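Okay, so here's the structure we're looking at.
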Amino acid sequence: MRRKASLVLLACAVFCAALSPLMRWYAFPRLARIPANQYQDMVLEARGATLLDYGTMRAKKVSQVTVVQTLRGDVDAAKRIGKTAGRPVVVWDGLSYVQGPDGKMVSKVPERYIFDAHSQDPVHATGEMVDGDPVTRHGIEFKWPFLTQKRDYEYFDAQTRTTSPIHYKGTRTFRGLKVYFFEQTIPWTKVPMPKSMPVQGITPESVARTGTTRWYSTVRRFWVEPVTGAPVYGEELHQEELRGGTLLGGRARVTAFAGDVKMREDYIEHTVALVEHNRTLVLMLTSYVPWGSLTAGLLLLALSLCLEARARRPRGPAPAKATDPEPVSA
Amino acid sequence: MRALIAAATGLVLALAAVLTITATGTPAGGTSPKPLLTTVPSHP
């Protein structure tokens, strides 16, 4: 009976011990993926920003500029590109919609971002673009990979259509979560005019004919929860200028937009709650189940060996055989 | 020999469990019908 029990325990021990690396190295990369059908919106605000008045072509202080960012996963495109790429792919159609204090559109920039659902590596396919311009992304955008490391990453900047390092600047605590702080500085760079301009009749082509160019600089900061790779907070010290040309009436430069763009409070709370939930799921695959099952496996193995040893041990001394009395002869 | 069979059984069951879980995977679903926003939502 004991030997049977020890064999069952041995099978359970091997089951648990094998489950540990299988969960961490086989199941985790296949299960921890960004869903292809994800839909996410985010609102950022720049209070006390400076905005160009296209009527007077002069910069003016405004109470608030709002940025609405939406990301929507295109499932059919993800399946199609994933088949060609031979790996699970996510296709995000994004829109950055900037609205002035009067509710009118300041700019809107659509983009299509294609990436590996687990590793976050960019995947290149037809349709990858920013504001209608084909691009070939390198590095990450919007989100970091699962199990983010304490190192610099390459981050794609949609305005300049270029990739440059985003530096790891230390570990911090944000709303009770351990986060990695990253910062990227984009120096003043000449960038294309947005395809959608805020004033009817003005097009990027008509502005280009005046010789006026658009320049941009930003300091981008992200607080990234390292298990999920999801930013829980972000802000940007964003500056845009129009320079030169006849449009500015002899002035060398005019501010088109300047402001400290920050996530709206209700979206911070929502993001932190979502990330906390997803963090637990990822930790199940990377830590809780692997370490738990390994510990259980070792305990069961010890128990199995103990039972086996007891089953093999003789059960006390055998009763002494009574010796026949020797015959006595008189 | 019995111990070997027991260990192999445990290993096969672990492999089967993990393969089943990963094969089930996460459902892809369909593309959200919600639009890319051009208005400011009042809440997340």
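The values are calculated or read from the model by the stated rules, or taken from the named source; none is laboratory data. Predicted, not measured: the structure shown is a model, and the values here were computed from it. Neighbour counts run over all protein chains shown; Cβ positions are idealised from the backbone, glycine included. For the accessible areas, the whole protein counts, side chains as well, though only heavy atoms, and no ligand, DNA or RNA atoms are used. Shrake-Rupley method; radii C 1.70, N 1.55, O 1.52, S 1.80 Å.
For the full complex of protein chains and a 1.4 angstrom probe, list A:Asp74, A:Asp131, A:Asp152, A:Asp102 by accessible area with the highest value first. Can you show the working numbers first?
Numbers: A:Asp74 35, A:Asp131 10, A:Asp152 70, A:Asp102 105 Å².
Descending accessible area places them as A:Asp102, A:Asp152, A:Asp74, A:Asp131.
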Report, by chain and number, residues whose modeled amide H sits under 5 Å from the one on A:Asp152, excluding near sequence neighbours (fewer than 5 apart, same chain).
A:Tyr168
So the angle from the long Cα axis of helix A:265-283 to the longest Cα principal axis of chain A, reported in degrees to the nearest 10, equals 30 degrees
So which of A:Lys150/A:Lys178; A:Lys83/A:Lys108; A:Lys83/B:Lys34 end up more than 22 Å apart, counting from Cα to Cα?
A:Lys83/A:Lys108; A:Lys83/B:Lys34
Projecting the Cα atoms of A:Gly292, A:Ala5, A:Ala208 onto the charge dipole of the protein assembly as shown, where Lys and Arg contribute +1 and Asp and Glu -1 at Cβ, the residue farthest towards the positive end is A:Ala5
Selected from A:Gly132, A:Gly170, A:Gly201 as most flexible by GNM, with chain A as the system and alpha-carbon contacts under 10 Å:
A:Gly201
Bin by bin, in steps of 5 Å, what percent of the Cα pairs in the stretch A:60-162 do you find, going until the bin that has the longest distance?
2, 12, 20, 21, 17, 13, 8, 5, 2, 1, 0
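Take the alpha carbon atoms of the stretch A:173-304, find their radius of gyration, then divide it by 2.2 N^0.38 Å using N residues; give the quotient.
Dividing the Cα radius of gyration by 2.2 N^0.38 Å gives 1.74.
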Quote the accessible area belonging to A:Trp223 in square angstrom, nearest 10, computed with a 1.4 Å probe and with ligands, DNA and RNA left uncounted.
30 Å²
With all protein chains present, calculate the accessible area of A:Thr162 using a 1.4 Å probe and round the result to the nearest 10 Å².
70 Å²
Please compute, for the alpha-carbon atoms of the protein assembly as shown, the extent along each of the three principal axes and give them in descending order in Å.
149, 41, 34
Give me the angle, in degrees from 0 to 90, between the Cα long axis of helix A:75-85 and the longest principal axis of the Cα atoms of chain A, rounded to the nearest 10.
70 degrees
Specify the residue with the greatest mean-square fluctuation among A:Gly100, A:Gly249, A:Gly127, computed from a Gaussian network of chain A linking alpha-carbon atoms under 10 Å apart.
A:Gly249
Apply the a/c threshold of 1.5 to the C-alpha gyration tensor of the stretch A:84-233 and tell me whether it is rounded, prolate or oblate.
prolate
Running a GNM on chain A with Cα contacts under 10 Å, which residue among A:Arg310, A:Arg220, A:Arg209 ends up with the highest mean-square fluctuation?
A:Arg310
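Could you size up the charge dipole of the stretch A:203-295 around its Cα centre, putting +1 on the beta carbon of Lys and Arg and -1 on that of Asp and Glu, and report it in debye to the nearest 20? It would help to have the intermediate numbers written out before the result.
Working: 10 positive and 11 negative charges, 108 e Å.
For the stretch A:203-295, the charge dipole is close to 520 debye.
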Determine the order of A:Cys306, A:Cys16 by accessible area, beginning with the largest, at a probe radius of 1.4 Å.
A:Cys306, A:Cys16
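With a 1.4 Å probe, how much accessible area is buried between chains A and B, both sides summed, in Å² to the nearest hundred? Before the final figure, lay out the partial values.
On the way: alone 18240 and 4480 Å², together 19810 Å².
In total, this chain pair buries about 2900 Å².
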How much accessible area does A:Glu269 have with a 1.4 Å probe, in Å² rounded to the nearest 10?
110 Å²
Tell me the per residue accessible area of the stretch A:94-191 using a 1.4 Å probe; a whole number in Å² is fine.
43 Å²
Explain nothing, just the number: relative contact order of chain A, from Cα pairs under 8 Å at least 6 residues apart, as a whole percent.
20 percent
Of A:Thr185, A:Met197, A:Ala27, which is farthest along the charge dipole of the protein assembly as shown in the positive direction, counting Lys and Arg as +1 and Asp and Glu as -1 at C-beta?
A:Ala27
Electrostatic dipole magnitude of the stretch A:32-263 [Cβ: Lys, Arg +1; Asp, Glu -1; Cα centre; debye, to 20]
300 debye
